[in-house]
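Report on the structure given below.
Just so you know, all these numbers are worked out from the coordinates, no wet-lab data involved. Remember, predicted model here, so these are calculated numbers, not experimental data. FYI the Cβ positions are ideal-geometry reconstructions off the backbone, even for glycines, and counts take in every protein chain you see.
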């Protein structure tokens, strides 16, 4: 019995699986090195087949393959991790068949496949871990909205130093008028002062966030979430402004990770009718990571807590505080540990 038909089927199977993994690495993870590793193996397999097994094509007969129907009947995958797992499984199995059966036809072919298999399982692991593991969305207790013009005396560096001292959960840089270049340089300075545990977010400017590898918050009129995701990549966290539960649910359905809900109260920075604390409470009850925003200060946080809010965004209430670090500590202490359930103490 000749082995060429078996080798042809598994050669095609392995190359198809490698192409699937290559595309996932290239277009979804945007990892050029990982994609190249899959591409190199796929091309090498093709070259081996052409050089060592030139008579495979006449042996191909998909119509008489009794194993075709069960493979097609496997059905759709549940998610991209499932797609990767299935493709990697096909590749690993096919490479083993090619190596073992190929040794009976061409030792040089078998040795070439063995070289391709070297390091294969590490590649498989790296891709599947990255597809299956995404940066967790942690409910922040406090996000400080940092605008240089609102810092007393323009001394934003002093404010950031105090935020770092207090271990604030999140800082959002909100500069509406400066150029992308200026914003990029400012964001780099801010990042250099903050501890790694503090999440730094750029307001509106997707290009700046992408350049620095930061997360972004988008308003209702900004770039759609899907378009921003294509620029920022899969692991970036995207926030969106909403006014209540319906908009928050829609934002999450479109791919947002966190929503701002507001304005809660009359705000000097938001010229909009307040939606009230109950709006944040309903979003919290739906289990959506959120920040109650708009006119929030130490005097009204208790009201937000009573309605179930789990985190707030504050601007002047922190920036203009006599004791910035103390204010941050008071707010975050009120909401408890960042890893606890979404409720106030």
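Among 20, 104, 322, 242, which comes first, then next, by fewest other beta-carbon atoms within 10 Å?
Working: 20 18, 104 11, 322 7, 242 25.
Fewest-to-most ranking of 20, 104, 322, 242: 322, 104, 20, 242.
Write down the radius of gyration of segment 174-265 and its Dmax, each obtained from C-alpha positions, in Å.
For segment 174-265, the Cα radius of gyration and maximum Cα-Cα distance read 13.3, 38 Å.
Just to compare against my own numbers: the Cα pair-distance distribution for segment 142-334, 10 Å bins, whole % per bin, please.
Result, from short to long distances: 10, 38, 39, 14, 0 percent.
On a full-extension model of 0.36 nm per residue, what is the gain between residue 211 and residue 250, subtracting their alpha-carbon distance, rounded to one decimal in nm?
Details: separation 39, 0.36 × 39 = 14.04 nm, distance 2.75 nm.
In short, 11.3 nm is gained.
Using 0.36 nm per residue of separation minus the Cα-Cα distance, give me the extension gain between residue 103 and residue 50 in nm, one decimal.
Values: separation 53, 0.36 × 53 = 19.08 nm, distance 1.59 nm.
Roughly 17.5 nm would be gained on extension.
Using R₀ = 35 Å, calculate the FRET efficiency as 1/(1 + (r/R₀)^6) where r is the Cβ-Cβ separation of residue 268 and residue 165; round to 0.05.
0.85
Sorted from fewest to most neighbouring beta carbons within 10 Å, what does the list 173, 231, 301 look like? Write down the numbers at each step before the final one.
On the way: 173 26, 231 13, 301 22.
The most exposed by this proxy come first: 231, 301, 173.
Hey, fewest Cβ within 10 Å first, where do 131, 150, 18, 7 land in order?
150, 131, 7, 18
To the nearest 0.05, what FRET efficiency results for residue 177 and residue 43 with a Förster distance of 45 Å applied to their C-beta separation? Working shown, then result.
On the way: r = 50 Å, r/R0 = 1.12.
So the FRET efficiency works out to roughly 0.35.
Given (1) 31; (2) 18; (3) 41 as candidate values of percent of Cα pairs over 35 Å apart, which corresponds to the one derived from the coordinates?
Read-out from the structure maps to (3).
On a 0 to 90 degree scale, rounded to 10, what angle separates helix 180-193 from the longest Cα axis of the chain?
Approximately 80 degrees, to the nearest ten.
For residue 80 and residue 138, compute 0.36 nm times the residue count separating them, minus their Cα-Cα distance, and round to one decimal in nm. Walk me through the numbers on the way to the answer.
Working: separation 58, 0.36 × 58 = 20.88 nm, distance 2.28 nm.
Residue separation times 0.36 nm, minus the Cα-Cα distance, leaves 18.6 nm.
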